[in-house]
1. Across region 175-192, what is the total count of residues that are touching a Lys or Arg at 6+ places or on another chain (Cβ under 8 Å) and either among the small types (Gly, Ala, Ser) or exposed (fewer than 14 other Cβ atoms within 10 Å of the Cβ) (or both)?
2. Of a type in the set (Gly, Ala, Ser) and either part of a loop (DSSP other than H, G, I, E, B) or under 19 Å from residue 145 (Cα atoms) (or both): is that true of residue 167 in this structure?
3. Could you list, in sequence order, the residues of region 26-54 that are open to solvent by less than 40 Å² (accessible area, probe 1.4 Å) and on the phi > 0 side of the Ramachandran plot?
4. Restrict the check to region 131-153 and report whether at least one residue is farther than 30 Å from residue 59 by Cα and polar (S, T, N, Q).
5. Output yes when any residue across region 190-200 is closer than 30 Å to residue 117 by Cβ, in contact with a helix residue (DSSP H, G or I) (Cβ under 6 Å, 6 or more places away or on another chain) and aliphatic (A, V, I, L, M), and no when none is.
6. Are any residues in region 64-104 basic (Lys, Arg) and either touching a residue at least 12 places away in the same chain (Cβ under 8 Å) or not in a helix (DSSP H, G or I) (or both), and if so, which ones?
7. Which ones in region 21-39 are under 30 Å from residue 54 (Cβ atoms) and either out of contact with any Phe, Trp or Tyr (no Cβ under 8 Å at 6 or more places or on another chain) or at pLDDT below 95 (or both)?
8. Restricting to region 193-218, what's the tally of residues that are outside any helix (DSSP H, G or I), over 24 Å from residue 127 (Cβ atoms) and open to solvent by 10 Å² or more (accessible area, probe 1.4 Å)?
Amino acid sequence: MQMFSALAAIVTATVIICLCAATCSGGKLDFKATYYFVCYRMTDNAISADAISKTVSSYGGAGYILPHGGNYYVTLSCYYKSDEADSVCAKLKERDLECSVLKIETKQYRLQGSNAKKNEQLYLGNLKTLNSLSALAYECANGLDTGSLSQSKAKQLLTSITDSLNGLLKNNPANCFTQSLQSAVEECKNVSGGFLLSKNMRYIQIALADRIINAELN
């Protein structure tokens, strides 16, 4: 299966930290990725966002709260092409569910301090691997939606994503990624019990994208 082949490459990447798709120079790290989030609501209040998140989850959406630009976006799903996100948003509006599309692009990260500059290749590998794992969670969610992926195989993928995150954590025992990787592992464990739903995997997808978007390299 294509997803399992992709996973094998990702697991290898967590060990060898492949650096092919981005560059580092002059105290800045270049890593480009584009995400299109279908959002139910935006608020500047974290408590309100938490309440809205529960509502979104009851609708079958991810319900992940994405902090960005001083606001909190309660997300339904995430895509990698604008037309896909726009199409989903339009269909939801036809069902009287208000939503909007938030586009976020990552381009350049500032390496803050000598420790970050020393670890720039490690950090680049982290971003690349997190992006690949996020995309894999997206494919898993789609497979659950269409029925092309069984529960057992979906759970195998979730376990492998968790193992890959633990691999990253082993390579980042005490730096700016450590805490975010620890919490990402816990989020995977939180959805691993019981019946695995597509919204659970979309939650994981967006959670990993969050680690990329809001990474502070120091």
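1. 3
2. Values: of a type in the set (Gly, Ala, Ser): yes; either part of a loop (DSSP other than H, G, I, E, B) or under 19 Å from residue 145 (Cα atoms) (or both): no.
Judged against the criteria, residue 167 is not a match.
3. Listed by number, the list holds a single entry, 27.
4. Going residue by residue through region 131-153, those that are farther than 30 Å from residue 59 by Cα are none.
Checked region 131-153: no residue is farther than 30 Å from residue 59 by Cα and polar (S, T, N, Q).
5. Of all residues in region 190-200, those closer than 30 Å to residue 117 by Cβ come to none.
Within region 190-200, none of the residues are closer than 30 Å to residue 117 by Cβ, in contact with a helix residue (DSSP H, G or I) (Cβ under 6 Å, 6 or more places away or on another chain) and aliphatic (A, V, I, L, M).
6. Across region 64-104, the qualifying residues are 81, 95, 103.
7. Residues of region 21-39 that are under 30 Å from residue 54 (Cβ atoms), as a first pass: 33-39.
Across region 21-39, the qualifying residue is only 33.
8. Initial filter on region 193-218 (outside any helix (DSSP H, G or I)): 193-197, 214-218.
Subset that is over 24 Å from residue 127 (Cβ atoms): 193-197.
In the following step, the residues that additionally are open to solvent by 10 Å² or more (accessible area, probe 1.4 Å) were identified as 193-195, 197.
Here the count works out to 4.
The values are calculated or read from the model by the stated rules, or taken from the named source; none is laboratory data. Bear in mind that the values here come from a model prediction, so they are computed numbers and not experimental data. Every residue, glycine among them, receives a Cβ derived from its backbone with ideal geometry; neighbour counts consider all protein chains shown. Ligands, DNA and RNA are excluded from the accessible area calculation, which covers all protein heavy atoms including side chains. Shrake-Rupley method; radii C 1.70, N 1.55, O 1.52, S 1.80 Å.
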